[in-house]
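The values are calculated or read from the model by the stated rules, or taken from the named source; none is laboratory data. Just so we're clear, the structure is a prediction, and the values are computed from it rather than from any experiment. Ideal geometry is used to build each Cβ from the backbone, glycine not excepted, and the neighbour counts take in all protein chains shown. We work out accessible area using only protein heavy atoms, side chains counted, and drop any ligands, DNA or RNA first. Shrake-Rupley method; radii C 1.70, N 1.55, O 1.52, S 1.80 Å.
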Amino acid sequence: MKNGHAEKHRVAVIGSGNWGSVASRLIASNTAKLPAFHDEVRMWVFEETLPTGEKLSESINQAHENCKYLPGIKLGTNVIAVPDLESAVKDADMLVFVTPHQFVEGICKKLVGKLRPGAEAISLIKGMEVKMEGPCMISKLITDTLGINCCVLMGANIANEIAVEKFSEATIGYREDKHAANRWAKLFSTSYFLVAVVEDIEGVELCGTLKNVVAIAAGLVDGLDMGNNTKAAIMRIGLREMRAFSKLLFPSVRDNTFFESCGVADLITTCPFHGSWWQKQESGRSLCKKRRQKVF
Ligand SMILES: NC(=O)c1ccc[n+]([C@@H]2O[C@H](COP(=O)([O-])OP(=O)(O)OC[C@H]3O[C@@H](n4cnc5c(N)ncnc54)[C@H](O)[C@@H]3O)[C@@H](O)[C@H]2O)c1
């Protein structure tokens, strides 16, 4: 509190790949208009040199576009690419983690002792660390390494679709602190990005992780041309197994979580159906017609 006014929240996004760039764009559209947040969104960039010789971070700040991971989409002038991790998080009290999962531990270790007191995190990362002691959720890794509260945001969220503002839903999972979860929901929600909040952090995070295992099975069904009925069966049984496995790891996981965007919806979007039986018949018919036209 300064002069009786609550201080504005400062957001830093740690990661600038495809989803990191889209998340920054989404957040920046809200921080620019919501008084509770500072306009500027700092986005940490794992620095790369582009084929032109230019640094990726410089290119982003000049063009307001990530030409490597999200070409053709303007991020907003209030998204500032920062190649130095410590500078990116300086003064930020809301940290969005959105890197591939294998880099999180190293990033967190670099951030120890560098965060503003009271900082909170949210993880958009799908995946988990499997250690000798057993599986470790990414949100727990962040909390344990940095000593900060960490929510998760998962869902049927193909970044390129959200980038062009196609309607999507997402689920925020939290433990105990509903107030913090609602603040994250406010930061992410737009007319085309509808966010629900549930008190089941492990359930939400495990949905985002385990659906990829089912998607591999669904891909095998596609590869073997086994058909849509088999694929639907794999997805249904897979969803049930996701729930059983999640409950085995964390008995607190709730059934309803699997009906949120992070559950069944993310599973469907990760195992897309490539045209229905009717579409295939139609395209087959028009192909025959074209061939007939050619032959006759
Ligand atoms: N792309 C999507 O549609 C989508 C949707 C939902 C969730 N996610 C999740 O978001 C996370 C990020 O995925 P993405 O698609 O944005 O990644 P991406 O594949 O587009 O980008 C990879 C990123 O990793 C960075 N990188 C490379 N080496 C690094 C290193 N040594 N240290 C740190 N960073 C390094 C790259 O610079 C780049 O920013 C993943 O956990 C993914 O599961 C992605």
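Values for this structure:
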| item | result |
| --- | --- |
| Residue tally, condition surrounded by fewer than 19 Cβ atoms within 10 Å (Cβ to Cβ) and more than 10 Å from the ligand (Cβ to nearest atom), over the stretch 41-58 | 8 |
| Any hit, the stretch 129-142, residues being open to solvent by less than 60 Å² (accessible area, probe 1.4 Å), hydrophobic (A, V, I, L, M, F, W, C), touching a Cys at 6+ places or on another chain (Cβ under 8 Å) and not in a helix (DSSP H, G or I) | no |
| Of all residues making up the stretch 170-195, the number that are outside any helix (DSSP H, G or I) and either crowded, with 17+ Cβ neighbours inside 10 Å or of a type in the set (S, T, N, Q) (or both) | 11 |
| Any pair with Cβ under 7 angstrom, 6 or more apart, that starts in the stretch 64-84 at a residue that is in contact (Cβ under 8 Å) with a residue 40 or more places away in the chain and ends at one that is aromatic (Phe, Trp, Tyr) and open to solvent by 20 Å² or more (accessible area, probe 1.4 Å) | Val82/Trp44 |
| Residue in the stretch 36-46 that is in a loop (DSSP other than H, G, I, E, B) and aliphatic (A, V, I, L, M) present | yes |
| Unique residue being away from the ligand (no atom under 15 Å from the Cβ) and either surrounded by fewer than 17 Cβ atoms within 10 Å (Cβ to Cβ) or assigned to a loop (DSSP other than H, G, I, E, B) (or both) when the list is Lys68, Lys33 | Lys33 |
| Residue under evaluation Glu205, criteria (1) open to solvent by less than 40 Å² (accessible area, probe 1.4 Å); (2) charged (D, E, K, R); (3) modelled with pLDDT under 95, criterion not met | (3) |
| Per-region count, the stretch 150-168, residues more than 12 Å from the ligand (Cβ to nearest atom) and in contact with a helix residue (DSSP H, G or I) (Cβ under 6 Å, 6 or more places away or on another chain) | 2 |
| Residue match in the stretch 118-127 (condition: away from the ligand (no atom under 16 Å from the Cβ), over 25 Å from Leu26 (Cα atoms), assigned by TED's automatic domain parsing to the domain that holds Asn18 and not in a helix (DSSP H, G or I)) | no |
| Inter-residue pairs, beta-carbon under 7 Å, first farther than 16 Å from Met43 by Cα and in the stretch 95-107, second open to solvent by less than 60 Å² (accessible area, probe 1.4 Å) and near the ligand (Cβ under 9 Å from one of its atoms), 6+ apart | His101/Ile125; His101/Gly127; His101/Ile138 |
| Ala63 vs. criteria more than 22 Å from Tyr192 (Cβ to Cβ), assigned by TED's automatic domain parsing to the domain that holds Asn182, away from the ligand (no atom under 16 Å from the Cβ) and crowded, with 17+ Cβ neighbours inside 10 Å | no |
| Breaking point among (1) assigned by TED's automatic domain parsing to the domain that holds Glu129; (2) in contact with a Leu (Cβ under 6 Å, 6 or more places away or on another chain), for Ser246 | (1) |
